[in-house]
1. With all protein chains present, how much of the accessible area of segment 1-42 (probe radius 1.4 Å) comes from carbon and sulfur, to the nearest whole percent?
2. Express in whole angstrom the spacing between the alpha-carbon centres of segment 215-239 and segment 190-211.
3. Could you compute the longest span of the chain free of GluC sites (Glu not before Pro) located in DSSP loops and having at most 13 other Cβ atoms within 10 Å, not counting the site residues?
4. After finding the eigenvalues of the alpha carbon gyration tensor for segment 37-140, what semi-axes result from the square roots of 5 times each, listed largest first in whole Å?
5. Could you do me a favour and compute the accessible area per residue for the chain, 1.4 Å probe, result in Å²?
6. Among TRP19, TRP69, TRP168, what's the order by accessible area (1.4 angstrom probe), most exposed first?
7. As a test question: what accessible area, to the nearest 10 Å², does HIS13 have when a 1.4 Å probe is rolled over all protein chains in place?
8. What 222 nm value per residue comes from the helices of the chain, counting each DSSP H run with n ≥ 4 as -39,500 (n - 2.57) and dividing by all residues, nearest 500 deg cm²/dmol?
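The values are calculated or read from the model by the stated rules, or taken from the named source; none is laboratory data. All values reported here derive from a predicted model rather than from experimental measurement. So basically every Cβ, Gly included, is an ideal-geometry build from the backbone, and we count neighbours across all protein chains shown. Each accessible area value is taken on the protein alone, full model and side chains, heavy atoms only, with ligands, DNA and RNA left out. Shrake-Rupley method; radii C 1.70, N 1.55, O 1.52, S 1.80 Å.
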Amino acid sequence: MLIGASLKMYFSHARTLEWVSAVGAMLESHPAREAVTAFVIPQYPSIPASIEQGGGLAVGAQDVAAEDWGAFTGEVSAAVLAELGCRYVEVGHAERRRLFGDTDEVIAAKVHAALRHGLVPIVCVGEAERVTAAEAAQVCIQQIRSALSAADAAGAEGGFIVAYEPLWAIGAPAPAEPAHIRAVCARLRAELALGARRADVIYGGSAGPGLLSLIADSVDGIFLGRFAHDPAAVRDILDEVDALTR
C-alpha cells in the first residue's frame, strides 16, 4: 500500500524536518511498516535533509524540468533529483497546469525526463467538473496516455503511479464520494493492467484519515495533502492499513 504526502509550500524548512523525523520514526515502529511504502514530497530545498532524516520514508519532488541540463534558470533536472536520492516526482498536478501553464506536451516531456533517469513519476489526473464515474475514468485515461506519449515514443522503460485527483475535490472540505472513487480507480486499474508498464493507482483530492478503509479494494494507496499536516493523522492512516492487512 502506497501512502504519500505532498507538503506543497505550506511548511518552513524547519517544520518540514520536524514532520519528516516524526513520521519516519513512527513508520519504523508501526505494525504496518512492512505493508506500506511511504513517501513525502517536500519543497526542493528540503529534499536532501528529508532523505537524511526520513528513516523509512522515501522522498520525491513536486516538479521536474523537461530538460536534463542547460540554460534553464530556476529549473531542477531529473538527473540532479536522482543524484540526491529522490525516488518519486510529481508531474501534471492541477495547480501546475492552472498556475504555471504546464501543457499536455510539457507534462509528457517531464514524465519522459523522470523515467529516463530512473525516477517514478506520479502522474496526476482528474476531471475538472463533477461527471459520472465512467466519464471521469475516460478523461483520466486520455490524460494518462498523453502523459506517457513521449516516453512511449522513445522506448523509455519504467513504472509509474497514477494519482487520481478530481479537480473539484482538491482543497474541498471532503474528498469525492467513496463510490465514485472506487468506480473510477477500478476502471483505471483495469486499463493500466493491459499496458506493459507497472502502474499503481492512488487517490488524492482532500484525502485524509478514514477514507482508505472505504476505498481500499479499488486503489493501491492514498495521496495526502493538508489532512496529513499533523503526524497523528498519518498514524491514523497507518492504523487503517494495519487493520486492513490483518
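1. Exposed carbon and sulfur together represent 54 percent of the surface.
2. First find each Cα centre; the distance between them is then 14 Å.
3. Free of exposed loop sites, the longest segment is 1-128.
4. For segment 37-140, the ellipsoid semi-axes come out as 25, 18, 12 Å.
5. 44
6. TRP69, TRP168, TRP19
7. It works out to around 90 Å².
8. Details: 9 runs with 107 residues, N = 246.
Per the formula, -13500 deg cm²/dmol.
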